[in-house]
Each structure stands twice: as structure tokens, then as C-alpha cells.
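Structure, as C-alpha cells:
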Amino acid sequence: MRSARIVSVLMALLFGIAVAGIAVAGEGPAEIVLKAKKGDVHFTHHKHQAKFQCGECHHGPDHSAYKPGMKIQTCDKCHTKDFQNKKLNSVMKAMHTNCRGCHKEHKADGAPTKCSGCHKK
């Protein structure tokens with residue numbers, strides 16, 4: 001009787017871990033290609049997802065961090081020349097602000113910090 005209970009608990013635990021793994025690893029595309037003049041950026045979305053919370057990059061129109069179920073729009077929906085903050089009024093400026101800052105923080109972990117580390121010709 002006790003061994004059946006242990007097996008049930010272990011099965012429930014493994015099921016929970018599997019569902020959580022699928023939910024995290026399966027959200028969004030594995031890779032996103034961002035077209036750029038200095039060379040396209042092949043953004044490894046799933047690799048970043050494994051290390052960071054979605055809200056560290058994605059946010060709503062009011063700049064609240066992403067929450068499950070929130071619609072994710074492309075950056076160019078808001079980050080245009082008409083965007084109020086001139087430091088973020090293009091996708092390039094928004095990406096450089098967010099991505100370069102994070103890459104500098106994680107340089108010791110192997111994050112590229114030079115242009116050619118992300119932009120491939």
C-alpha cells in the first residue's frame with residue numbers, strides 16, 4: 001500500500017515537471033532572425049528562455065512585465081520614430097538598450113559584447 005502511494009506521488013511529480021518543461025521550452029519560436037544592416041541577428045529564443053523570465057524582455061503597452069496569457073506583439077508596433085522616448089524610438093535602439101545592457105551583465109557567462117558577436121554577415 002505504501003509503495004503504491006510513493007509511486008503515485010512520484011508519477012504526479014514527474015508529470016508536473018514534464019508539463020512545466022514543455023510550457024517553458026515550447027513558448028515561442030526556437031530562434032528569431034532579426035534583420036539588421038550590420039548583419040542579421042540569430043536570436044536563440046529558447047536558450048534565453050531557459051535562463052530568464054519572459055518579462056525581462058517582453059512587456060505590455062504600459063510597460064508592465066509580461067504575464068502568461070498576455071499578447072506579445074513585435075517591437076516595431078510601438079518602437080517607431082513617433083515613440084515618446086527618443087532613446088527608444090526604433091527597434092534597434094530598444095534592442096541595443098535591452099540586449100547590450102544584459103549582455104554586459106552576463107559577459108562572464110559568455111554573452112557576446114561586441115557587435116560581431118550577435119550581428120552575422
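Summary table
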{"read-out": "Filter on 35/104; 35/87; 38/71; 47/114; 71/120; 47/86 - keep pairs with C-alpha separation over 28 Å", "value": "38/71; 71/120; 47/86"}
{"read-out": "Amide H contacts under 5 Å for residue 40, placed H, 5+ residues apart", "value": "120"}
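Bear in mind that the values in this text are calculations on the coordinates, not laboratory data. Quantities reported herein were computed from a predicted structural model and do not represent experimental measurements.
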